[in-house]
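Report on one structure; see the data block that follows.
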Amino acid sequence: MSDGRFIDVHCGWGSVAAAPNWKDIPEIQRVMAKRGIGTVCISSLLARKYDTVEGNRAVSDAVKAETPIGGVNVLGWIALHPGRANDLSEQMKRSLYHPRLVGAALYPDPLTNQPLSVADVRELLNAFRRFTKPLLIETRDARAMAQCIRIAEEFANLKMIASGMGGEEWRESLSMVTRHPNLNIDISGALIPEKINYAIDIMHGSRKILFASGAPHTDPAAVLGMLNEAGLSTDDSTRILYRNAEKLLHLDGGAPEITASQQAFGPDEPATPNYLIGNVTPPAPVPETTDGKRKDSWGPSAL
Amino acid sequence: MADVVLDMFTLFGPVPPRPGEHGVEPLLAVLQKHGVAGAVTLSTRGLYYSASAGNRETIHLCTQAGGALLPACVLDPRQPQVLQTITGAKMLCLLPATQKWPMLYAPLTDMLRAVAQSPDAANLPLWIEVSRPGDGTALAAELRETGYSGPVIMGSVIGENLIEAIAVARADNRVFIATDGLRGIGEIAAAVGAIGASRVVFASGAPVQALGAALAMVAAAEISDSDREAILNGNARRLLSGRNATA
């Protein structure tokens, strides 16, 4: 099923107690390859928790220098925080035209653990939207999802990913996302298979649902095991595991539209279309199903 | 993977306030789907409503389930009369975070003293949920205080509390760590490396939590096949048989 095509749209990058080598890109590639994942999008744990600018600089340098090992492509998110708005505006200019940096990400405030509000990030997002790349917002609970929804409403032209599905409050969180066409969700967070079917039902299909693990805090093997247990059709599974992310992150050969303001703003590095990077290949046709419920196995037996 | 997998912690019944099927059929179905031979289980009624009523339901339905399910009884220190309903249990469970009572708690001390003196309960494995920071440390103090001498399984240990759980287990060789909360890269291997595979047991929290995810974590752990076998089967078998329960 995998062929190394699964796309994990949101992971961390940096050492943690049980995975001290998670700061090494080859280690991330080794672990992801073992789980059938061909593309992983990382953001710096240093940027999320302590020094946004330094962490972003490190992740930017790392993904630009990365070469696929084991067929695993590593792409990056730039973390944003209003406390470093001026520095980040400059950093976005330097980084976000590069095709290996897929977009920007918002995390709860590292000191208060409170989700950032639209008022907190309005200025930053006005600077960010010219890059026409997606915005990822970590939504660990329903309160964070509520803030994410307000941002999605105000920045309706920005493609967004709510990452974490509201954690254990997935049901309340999912009930908020249905009326926002620019909002996608990923399936990281609680390891409850019921939430996947609930999300497909409440979002009228799987077109806006993405695979993410949140590694190293959650092993992608666990999220794949949960997805397997949800018993989805092949069409829904392939959409979630890679087809939706290919489109959203322009990994399918479709380049993002460059606006007049973006051209005026100008990249400072030559951009390469994402489909020319590493092992990213155009998508294969999705196998037809006869009953719409054919199930594949990418669970424990596939590891 | 082990030929025969035993799951040390599962549930049956609805989780409030959502509707759900009463009875063990959804649990049996998910166990069968994943080829899990047996599971220790308890009724959510005992967890969320009445420990006594839930324990009676657990023992009754496990008896009817033909050997695949082994009954675990809930000990709720807020309901001391519950000790009268644990006859037939294969494991006792304390779930302070789910039931929202503190780990350092005088009624818990009293209850553990009573369990330690009970001929029905004194050597049963004791499952204790230690998902909150500090709960593992408080558990160690309670065990010293009460003289409880049976094997103890720390369940729902999450990654950020793993260091604490390992410290507690290192200091007391009858303390085990369950895998149900360990979901991060390298966490199961870290537990095995710190206290040995003989004191790590497989548990899932199914069917509320994904059994497939829990199995995938053990399959993906970078440990030897013999360690994996011990985690998935051998240690649970040893604990549940009451023979050489402590490692």
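The values are calculated or read from the model by the stated rules, or taken from the named source; none is laboratory data. Bear in mind that the values here come from a model prediction, so they are computed numbers and not experimental data. When we count neighbours, we look across all protein chains shown, and the Cβ atoms used for this are built from the backbone with ideal geometry, even at glycine.
Show the residue pairs meeting these rules: Cβ distance below 6 Å; 6+ apart or different chains; first residue within the range B:27-49 and over 22 Å from B:S241 (Cβ atoms); second residue assigned to a helix (DSSP H, G or I) and charged (D, E, K, R). Close Cβ pairs satisfying both conditions: B:S43/B:E57; B:R45/B:E57.
Among the residues of the range B:59-87, which ones are under 16 Å from the mean Cα position of the chain (by Cα) and touching a residue at least 40 places away in the same chain (Cβ under 8 Å)? Correct list: B:L69, B:L70, B:A72, B:L75.
When B:A51 is tested against (1) under 26 Å from B:L232 (Cα atoms); (2) touching a helix residue (DSSP H, G or I) at 6+ places or on another chain (Cβ under 6 Å), only condition (1) is not met.
Residue by residue, here is whether (1) in contact with a Lys or Arg (Cβ under 8 Å, 6 or more places away or on another chain); (2) on the phi > 0 side of the Ramachandran plot; (3) in a strand (DSSP E or B) holds:
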{"position": "A:D3", "(1), (2), (3)": "no, yes, no"}
{"position": "A:E27", "(1), (2), (3)": "no, no, no"}
{"position": "A:A47", "(1), (2), (3)": "no, no, no"}
{"position": "A:A79", "(1), (2), (3)": "yes, no, yes"}
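From the set of residues in the range B:99-154 that are farther than 26 Å from B:T41 by Cβ and among the acidic types (D, E), which is modelled with the highest pLDDT? Taking the candidates together, the pick is B:D110.
Among the residues making up the range A:127-170, those that are of a type in the set (K, R), at pLDDT 95 or above and assigned to a helix (DSSP H, G or I) are A:R143, A:R150.
Of the residues that sit in the range A:235-256 and are more than 17 Å from A:A104 (Cα to Cα) and outside any helix (DSSP H, G or I), which one is modelled with the lowest pLDDT? Selected residue: A:A255. Working only within the range B:121-147, note down all residues that are touching a helix residue (DSSP H, G or I) at 6+ places or on another chain (Cβ under 7 Å), part of a loop (DSSP other than H, G, I, E, B) and over 15 Å from B:A169 (Cβ atoms). Answer for the range B:121-147, where residues must be touching a helix residue (DSSP H, G or I) at 6+ places or on another chain (Cβ under 7 Å), part of a loop (DSSP other than H, G, I, E, B) and over 15 Å from B:A169 (Cβ atoms): B:A121, B:A122, B:S131, B:R132, B:P133, B:G147.
Scanning the range B:8-40 for residues that are within 13 Å of chain A (Cβ to nearest Cβ), within 13 Å of B:L215 (Cα to Cα) and buried (at least 20 other Cβ atoms within 10 Å of the Cβ) gives B:V30, B:L31, B:H34, B:V36. The set of residues in the range A:14-29 being away from every other protein chain (no Cβ under 11 Å) and in contact (Cβ under 8 Å) with a residue 24 or more places away in the chain consists of A:G14, A:I25, A:P26, A:Q29. A:M32 passes every criterion in (1) over 29 Å from A:R243 (Cα atoms); (2) surrounded by 15 or more Cβ atoms within 10 Å (Cβ to Cβ) apart from (1). Within the range B:162-196, being within 9 Å of chain A (Cβ to nearest Cβ) and not in a helix (DSSP H, G or I) holds for B:L182, B:R183, B:G184, B:I185, B:G186.
Among the residues examined, B:R199 does not qualify as more than 9 Å from chain A (Cβ to nearest Cβ), in contact (Cβ under 8 Å) with a residue 40 or more places away in the chain and farther than 21 Å from B:T10 by Cα. Out of A:L224, A:L232, one residue alone is touching a residue at least 12 places away in the same chain (Cβ under 8 Å), in contact with a helix residue (DSSP H, G or I) (Cβ under 8 Å, 6 or more places away or on another chain), over 30 Å from A:K23 (Cα atoms) and not β-branched (V, I, T). It is A:L232.
A single member of A:L232, A:L227 is within 14 Å of chain B (Cβ to nearest Cβ), at pLDDT 95 or above and not in a loop (DSSP other than H, G, I, E, B), and it is A:L227. So is B:L104 of a type outside the set (F, W, Y) and more than 18 Å from the chain's Cα centre (by Cα) or not? Yes: the conditions hold for B:L104.
Contact map, the range A:191-216: residues that are over 13 Å from A:S163 (Cβ atoms) and among the polar types (S, T, N, Q) paired with residues that are part of a strand (DSSP E or B) and at pLDDT below 95, Cβ distance under 7 Å, separation 6+ or inter-chain. No pairs are found.
Screening the candidates B:P80, B:P96 for the property of being more than 14 Å from every other protein chain (Cβ to nearest Cβ) and at pLDDT 95 or above yields one hit, B:P96. Being surrounded by 24 or more Cβ atoms within 10 Å (Cβ to Cβ), of a type outside the set (S, T, N, Q) and either within 17 Å of the chain's Cα centre (by Cα) or facing chain A (nearest Cβ under 9 Å) (or both) is a description that does not apply to B:G159. Taken over the range A:188-224, the criterion of being buried (at least 24 other Cβ atoms within 10 Å of the Cβ), aliphatic (A, V, I, L, M) and at the interface with chain B (Cβ under 8 Å from one of its Cβ atoms) is satisfied by A:L191, A:A215, A:A221, A:A222, A:V223, A:L224. With respect to being more than 14 Å from B:L94 (Cα to Cα) and either charged (D, E, K, R) or surrounded by 20 or more Cβ atoms within 10 Å (Cβ to Cβ) (or both), B:T179 fits the description. Remark: pairs (first residue in the range A:174-185, over 10 Å from A:C148 (Cβ atoms); second residue of a type outside the set (A, V, I, L, M, F, W, C) and not in a loop (DSSP other than H, G, I, E, B); Cβ separation under 8 Å; 6+ apart in sequence or on different chains) = A:L174/A:K195; A:L174/A:Y198; A:N184/A:N244.
Scanning the range B:219-245 for residues that are within 11 Å of another protein chain (Cβ to nearest Cβ) and either under 17 Å from B:A165 (Cβ atoms) or in a loop (DSSP other than H, G, I, E, B) (or both) yields B:A221, B:E222.
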